[in-house]
Ligand code: NAP
């Protein structure tokens with residue numbers, strides 16, 4: 001399917017690895033020129049080279065997207081992109097009683113206020129052009145809370161509320177905002193969560209992974225490639241009527257009817 005994106009421009013945040021990289025790869029395959037970001041310069045530059053090999057131009061900005069200074073650097077490089085994919089690392093796991101105010105502020109900064117700041121900066125340019133796409137990478141925790149990820153449950157719920165209202169205000173300008181909700185995917189984040197479970201329960205990494213697979217009807221982890229393909233479709237010319245949705249990519253893990 002031709003996604004109709006050849007020659008468009010995109011900013012994809014937190015994209016040297018994992019789901020962000022999956023989105024960047026899928027957009028590059030659709031002919032989108034990219035600005036990508038992550039904190040670590042080495043992995044970021046390696047990903048930029050992979051993307052350039054797909055025939056698009058790529059600007060890589062090593063910066064922390066959750067800081068004011070980092071966002072300024074990234075936004076200066078990105079200009080007025082047609083597409084924004086927001087992403088950042090997820091908050092650490094713990095118990096409901098573990099976190100203090102500073103922990104909550106850090107989670108809100110990373111997973112709620114950073115995407116909101118990016119949207120506030122870039123939506124006006126999209127509205128002026130009469131076309132734009134925003135995809136926020138959030139989490140299945142928005143639909144079904146994950147006990148050990150209370151910081152994620154909280155911060156991402158806040159972002160989801162902001163998107164629900166904002167998406168319906170900008171849609172008449174040809175700009176769509178939607179959220180992609182990953183369930184368990186085979187990325188470094190999954191390895192880090194499996195490591196925590198393996199240590200806490202005294203089981204092997206392989207057993208921790210098998211146990212988590214059993215909680216997923218598809219009985220496997222998702223891949224960054226299939227996640228990226230869904231993101232690229234949401235950014236495509238065919239998805240202009242999909243507005244303010246929260247789309248689960250979880251292999252059926254969240255047990256809801258709707
Ligand atoms: P990942 O494999 O650990 O990759 C994270 C990427 O983000 C890396 O490129 C990392 O590079 C970059 N990054 C992290 N913090 C950043 C920051 N402050 N500024 C700029 N770049 C940053 O993670 P993932 O699995 O792709 O997860 C992406 C998001 O989806 C996370 O918020 C995660 O919580 C959420 N999620 C993931 C899963 C899953 O199973 N994978 C499930 C639900 C939700 P640097 O470290 O070099 O900055």
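Results, tabulated for the structure shown:
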item	result
Relative contact order of the chain, pairs being alpha-carbon contacts under 8 Å that are 6 or more residues apart, as %	22 percent
Kirkwood Rh in Å, taken over region 1-84 so that all alpha-carbon pairs contribute	12.4 Å
At 0.890 mPa s and 25 °C, Stokes diffusion of region 166-258 via Kirkwood alpha-carbon radius, µm² per second	162 µm²/s
Residues residue 68 and residue 41, FRET efficiency given R0 of 25 Å [Cβ-Cβ distance, rounded to 0.05]	0.80
Rg over Rh [alpha-carbon atoms, Kirkwood Rh] for region 40-91	0.97
Among 189-200, 78-89, the order from most to least packed when residues are scored by Cβ within 10 Å on average	78-89, 189-200
Per residue, the convex hull volume that the Cα atoms of region 88-213 enclose (Å³)	110 Å³
Taking N as its residue count, the alpha carbon Rg of region 1-146 over 2.2 N^0.38 Å	1.07
Sorted peptide list for 102-110, 145-153, 164-172, criterion being average Cβ within 10 angstrom, highest first	145-153, 102-110, 164-172
Fully extended contour minus Cα-Cα distance, from residue 97 to residue 219, at 0.36 nm per residue	40.7 nm
Per residue convex hull volume, Cα atoms of the chain, in Å³	129 Å³
Cα point-scatterer Debye curve for region 160-220, base-10 log of I(q)/I(0) at q = 0.13 Å⁻¹	-0.54
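Values in this text are rule-based calculations from the coordinates and carry no lab data. Treat the numbers as computed from the prediction; the structure is a model and nothing was measured. Every residue, glycine among them, receives a Cβ derived from its backbone with ideal geometry; neighbour counts consider all protein chains shown.
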